[in-house]
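Only one structure is covered here, and it is reproduced in the block below.
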Amino acid sequence: MKILKRINSALIAISKFLCLLGGVMLIAMMLITAVDVGLRTFVHSTFSGASVVVRNMLVVAMFLGLPYVTFVAGHTRSEFLYARASSRVQLILDTIAEGIGTVLFLLMAYAMIKPTLQSFATSQFDSEGTFLMPMGPFYVLALFGAWFTFYAAAYNFVKLIFQAVKKEDEAK
């Protein structure tokens, strides 16, 4: 059990780094967009491929940050009923939400396998004018993030089930 906790701690640290990397990508996207707007406004020129780079970086940044958000249970939720519920009901709601999330992240990760493989098999590019950007690396990063998020959701789901069983044993 100790080794599993160490592995999971390492994975959480990796997810923090990936989240930070996603944040850096957001800053880079902001700078690219600002440069493109500045060039259009003052020089009447454009940063060729800026929109292609930004839209693909946005998807990757989201998938890099998603595992950490899932590990820390930071997804958005409505607190209207949850805050008023007992700790037992909150645990049940958390377990149901994590279970649904685990299934959804698994389906999302699985659905991304075929497009990722196809992007390499067909040498898929995204383009704007003469600017060509290979899509394979973006698909790989998004696929990695999706599978990592599935792991985080499954880990949280199992942890909540153990927590519920432990509370049930304490209640007896």
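Rule-based calculations on the coordinates, nothing more; no lab input. Computed from a predicted model, the values in this text were never measured in an experiment. Positions of Cβ are generated from backbone atoms using ideal geometry, with glycine treated the same way; all protein chains shown enter the neighbour counts.
Normalised by residue count, the range 2-171 yields a Cα convex hull volume of 131 Å³ per residue. Counting only residues at least eight positions apart within a chain, or on another chain, the aspartates and glutamates with an alpha carbon under 16 Å from that of residue 159 are 94, 98, 168, 169.
A full extension of the chain between residue 10 and residue 140 corresponds to an added length of 44.7 nm, given 0.36 nm per residue minus the alpha carbon distance. Placing a label point 7 Å from the Cα of residue 21 along the Cα-to-Cβ line, the residues of the range 141-172 whose backbone N sits under 14 Å from it are 141-149.
Membrane-span-like helices in the chain, defined here as complete DSSP H runs extending at least 27 Å along the helix axis by their C-alpha atoms with mean Kyte-Doolittle hydropathy no lower than -0.5, are 2-38, 50-71, 87-111, 136-171; this is a sequence and geometry rule, not a statement about a membrane.
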